[in-house]
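First comes the structure, then the notes that go with it.
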Amino acid sequence: MGVVFDPLSGMSGPDTGPGSGGADDRPRVDRRILPDRGRRWNRVNGLLCTLAVLGTVVGGWSLYDSYGRRQERQESRAVVETSCAGLVDATAVLRLSGGADRVTRAGSSRVDLGRPSSGCLLDTVRAVDGDRRTIRHFSLTVRSRPDPLRAGRLGEERVGDEAPFSSRGIREREDATARLDLPNRLPLGDGAPGDHGVRSVSVVAACRAPAPSGITSILVTASSGEAVGATEAELGSVGRLARDAAVEAARRVGCEAEIPALPDRLPLPALALGPAESAQGTCAWYAAAARAGDPAEPGRERLPDRAAGAPTAAHGRVESCVLAVGPERVRRVLPGLGPGERQGQDVDRALDDRPWWIRTYSAFGDDADEALVTARLSPRPIPELGAGRSQDGEVLFGSATCAGRPAAFSLHTPPGYRAVLGDARLGALFAAYATETAQRRGCTGLKLPGAAGQAG
């Protein structure tokens with residue numbers, strides 16, 4: 001006897017068809033799950049059943065995946081809480097850069113308020129150019145001031161260590177000084193709360209009186225990663241995290257501070273440089289000096305013709321201005337330089353990875369004590385040195401007293417452009433910048449480098 005499989009019943013039975021040898025009059029039991037509605041409808045019913053099974057499988061996987069993502073977020077919130085010492089809202093951190101379900105701590109980074117400087121670095125995995133890569137998602141640094149050991153620590157940044165135009169960015173464009181790679185920081189309101197960059201916000205908790213440990217202020221900087229483009233909304237979220245962290249950190253170390261509310265809008269810093277003669281804000285001193293100068297002065301064309309400043313603020317902790325020379329002026333000036341002024345430069349290098357630029361940097365209060373230059377064989381705070389030139393000759397610096405607190409002024413120039421301008425012209429530019437800034441901020445006792453440009 002043959003055996004057949006009935007697709008509608010899911011069971012096998014005897015073959016009673018012609019030639020089977022079975023009894024035609026034997027009672028038949030209909031075991032089909034679905035009624036027989038003809039071949040066409042039977043196929044439709046079978047398809048619907050298949051789809052139902054697939055839907056159950058997909059729904060189950062979706063439920064499993066959703067549960068897994070919830071578990072990852074829960075674990076990541078614990079990582080944020082532990083790494084950043086509970087100073088920030090973990091859920092808000094995970095929402096940054098378009099959202100991340102999973103973050104991990106980079107190395108052993110951890111906020112420790114018992115140390116003068118510490119921070120947490122959080123990474124995530126994203127698809128970048130078709131590859132999955134580990135990238136930075138969020139960082140938080142907490143620094144208590146004063147830090148008497150900072151000047152002696154290896155690896156601490158000095159004034160002028162970071163150039164406004166990076167070599168990597170320059171080689172990707174024809175005009176090396178058209179846009180900043182390291183933009184100026186903008187003040188938050190009147191500057192008392194702090195300042196911000198493109199992806200980071202720094203908030204200052206200034207203690208009414210020194211804390212029991214001697215702390216006079218706490219500087220908290222929060223930064224988002226580069227998974228998505230910078231936006232004002234993202235910067236606002238980072239700012240709220242920075243302020244919340246500063247408030248809590250100050251409370252824990254016994255620093256009584258009143259941190260003003262942050263502005264509702266944090267505009268992204270401008271990257272493009274504009275005409276120097278119409279510069280405003282932190283570069284207004286240069287525009288005024290250019291207007292007051294003699295157009296027929298020899299060598300005047302060697303001066304910068306581009307500028308990028310930032311708004312000035314009555315209580316800003318830092319200020320900076322970038323001046324640069326555009327490619328047209330470089331092409332006119334460089335061929336006429338003498339051998340000592342060229343220092344091996346050619347037009348191609350000056351237009352590529354050795355552009356001509358000047359950057360001024362002013363710091364006030366606790367930040368002034370952290371403005372370091374290498375003089376007398378080691379990095380030292382500018383207020384301690386008074387005035388002079390750094391050991392490598394690339395930084396002119398001076399100091400003053402503003403509202404009873406120290407202030408530091410510096411002007412950084414790469415060696416190639418220093419040779420083009422000459423020390424006398426650079427000294428005049430530094431004096432114009434430092435004098436205008438000191439007067440605007442109500443400073444007294446301004447110290448400028450001497451003719452020899454040595455630290456006093």
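The values are calculated or read from the model by the stated rules, or taken from the named source; none is laboratory data. Bear in mind the structure is a predicted one, so any value in this text is a computation, not a measurement. Using ideal geometry, Cβ is built from the backbone for each residue, glycine included, and neighbour counts are taken over all protein chains shown. Each accessible area value is taken on the protein alone, full model and side chains, heavy atoms only, with ligands, DNA and RNA left out. Shrake-Rupley method; radii C 1.70, N 1.55, O 1.52, S 1.80 Å.
Ser320 passes every criterion in (1) at pLDDT 90 or above; (2) over 23 Å from Pro269 (Cα atoms); (3) open to solvent by 10 Å² or more (accessible area, probe 1.4 Å) apart from (2).
Can you say whether Gly398 is over 26 Å from Gln345 (Cα atoms) and crowded, with 19+ Cβ neighbours inside 10 Å, as far as the supplied structure shows? First the steps, then the outcome.
Values: over 26 Å from Gln345 (Cα atoms): yes; crowded, with 19+ Cβ neighbours inside 10 Å: yes.
Judged against the criteria, Gly398 is a match.
Residue by residue, here is whether (1) open to solvent by 20 Å² or more (accessible area, probe 1.4 Å); (2) among the charged types (D, E, K, R); (3) modelled with pLDDT of 95 or more holds:
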| site | (1), (2), (3) |
| --- | --- |
| Thr374 | yes, no, no |
| Gly386 | no, no, yes |
| Asp392 | yes, yes, no |
| Ala407 | no, no, yes |
| Leu429 | no, no, yes |
| Thr437 | no, no, yes |
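Pairing each residue of the stretch 162-181 that is modelled with pLDDT of 90 or more with any residue that is aliphatic (A, V, I, L, M), provided the two are 6+ apart or on different chains, yields C-beta distances under 6 Å for Pro164/Leu180; Pro164/Leu182; Pro164/Val322; Thr177/Ala324; Arg179/Leu271; Arg179/Ala272; Leu180/Leu271; Leu180/Ala308. Inclusion of Arg291 among residues that are open to solvent by less than 70 Å² (accessible area, probe 1.4 Å) and farther than 24 Å from His196 by Cα is not warranted. Within the set Glu226, Glu234, Glu248, the sole residue that is farther than 16 Å from Thr141 by Cα and not in a loop (DSSP other than H, G, I, E, B) turns out to be Glu234.
From Glu319, Glu258, grab the single residue that is of a type in the set (D, E, K, R), farther than 18 Å from Ala432 by Cα and touching a residue at least 40 places away in the same chain (Cβ under 8 Å).
Values: Glu319 fails: farther than 18 Å from Ala432 by Cα.
One residue alone meets the criteria, Glu258.
Name the residues in the stretch 278-306 that are in a helix (DSSP H, G or I) and either within 27 Å of Ser117 (Cβ to Cβ) or touching a residue at least 24 places away in the same chain (Cβ under 8 Å) (or both), would you?
First, the residues of the stretch 278-306 that are in a helix (DSSP H, G or I): 278, 281-292, 300-302.
The answer is Gly281, Thr282, Cys283, Ala284, Trp285, Tyr286, Ala288, Ala289, Glu301, Arg302.
For the stretch 214-255, the candidate set comprises residues that are open to solvent by 60 Å² or more (accessible area, probe 1.4 Å) and touching a residue at least 60 places away in the same chain (Cβ under 8 Å); within that set, the residue that is nearest to Leu96 (Cα to Cα) is Glu226. Scanning the stretch 410-427 for residues being open to solvent by 10 Å² or more (accessible area, probe 1.4 Å) and within 28 Å of the chain's Cα centre (by Cα) gives a total of 3. Residues that are part of a loop (DSSP other than H, G, I, E, B) and of a type in the set (S, T, N, Q) were ranked within the stretch 356-405; the one that is farthest from Val318 (Cα to Cα) is Gln391. Can you tell me which residue in the stretch 112-149 is nearest to Leu219 (Cα to Cα), limited to those that are hydroxyl-bearing (Ser, Thr, Tyr) and open to solvent by less than 50 Å² (accessible area, probe 1.4 Å)? The residue in question is Ser144.
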